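Participant: Below you will find the structure I want to go over with you.
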């Protein structure tokens, strides 16, 4: 179920864009899986408390703003012809943050919360969700890397910037 909700979802597209931008599919996949693990744990164990404590609108606005900032940053970086910078610990944490904030309140997290609420086997819900996430986002990570080998660094940054800006705007106006 989670694999189906993630196909073509913003998390898969974020993974694809990050992989194309940094050209480090294993690092991007590790960051994505780390964020999704955190998100899934929240959904299975404390999702109800989180949704009761923080207004969903706050999470949505933070997610939209993060996309806008990263989109503008990618566009600003596209002016440079320098190669993609090597990934640093702060890059890895930034990837995790982006995926985690975008996943909070997402349809897959809601599905996980609903499944966990109806099941007596939360560990199985967690494992099933993680398998679905890994399958879909591994595809996005390696497809993004393959795309990056065919495009210039500047083109990758431009496309990534535009995609992130589009996501930010669509999130803030409530379309996704």
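Participant: Looking at 127, 165, 158, which is the one that is at pLDDT 85 or above, surrounded by fewer than 21 Cβ atoms within 10 Å (Cβ to Cβ) and under 25 Å from residue 70 (Cβ atoms)?
Facilitator: Details: 127 fails: under 25 Å from residue 70 (Cβ atoms); 158 fails: at pLDDT 85 or above.
Only one candidate qualifies: 165.
Participant: Go through region 70-93 and give me each residue that's assigned to a helix (DSSP H, G or I), modelled with pLDDT of 70 or more and either in contact with a strand residue (DSSP E or B) (Cβ under 9 Å, 6 or more places away or on another chain) or exposed (fewer than 14 other Cβ atoms within 10 Å of the Cβ) (or both).
Facilitator: In the first step, residues of region 70-93 are kept if they are assigned to a helix (DSSP H, G or I); the result is 70-77, 89-93.
Now drop any that are not modelled with pLDDT of 70 or more, which leaves 70-77, 90-93.
Correct list: 76, 90, 93.
Participant: Just one of the numbered conditions (1) surrounded by 15 or more Cβ atoms within 10 Å (Cβ to Cβ); (2) in contact with a helix residue (DSSP H, G or I) (Cβ under 8 Å, 6 or more places away or on another chain) is not true of residue 151; which one?
Facilitator: It is condition (1) that residue 151 fails.
Participant: Kindly indicate whether any position in region 101-108 is in a helix (DSSP H, G or I), within 18 Å of residue 9 (Cβ to Cβ), under 17 Å from the mean Cα position of the chain (by Cα) and modelled with pLDDT under 75.
Facilitator: The first filter runs over region 101-108 and keeps only residues in a helix (DSSP H, G or I), leaving 101-103, 107-108.
Remaining after also requiring within 18 Å of residue 9 (Cβ to Cβ): 101-103, 107-108.
Now restrict to residues that are under 17 Å from the mean Cα position of the chain (by Cα): 101-103, 107-108.
Imposing the further condition that a residue be modelled with pLDDT under 75 reduces the set to 107.
So far as region 101-108 goes, yes, one or more of its residues are in a helix (DSSP H, G or I), within 18 Å of residue 9 (Cβ to Cβ), under 17 Å from the mean Cα position of the chain (by Cα) and modelled with pLDDT under 75.
Participant: Take residue 123 and decide whether it is in contact with a helix residue (DSSP H, G or I) (Cβ under 9 Å, 6 or more places away or on another chain), without any contact (Cβ under 8 Å) to a residue 60 or more places away in the chain and more than 17 Å from residue 18 (Cβ to Cβ). Lay out the reasoning, then the answer.
Facilitator: Numbers: in contact with a helix residue (DSSP H, G or I) (Cβ under 9 Å, 6 or more places away or on another chain): yes; without any contact (Cβ under 8 Å) to a residue 60 or more places away in the chain: yes; more than 17 Å from residue 18 (Cβ to Cβ): yes.
So residue 123 passes the test.
The values are calculated or read from the model by the stated rules, or taken from the named source; none is laboratory data. Note that this is a predicted model, so its numbers are computed, not measured. Every residue, glycine among them, receives a Cβ derived from its backbone with ideal geometry; neighbour counts consider all protein chains shown.
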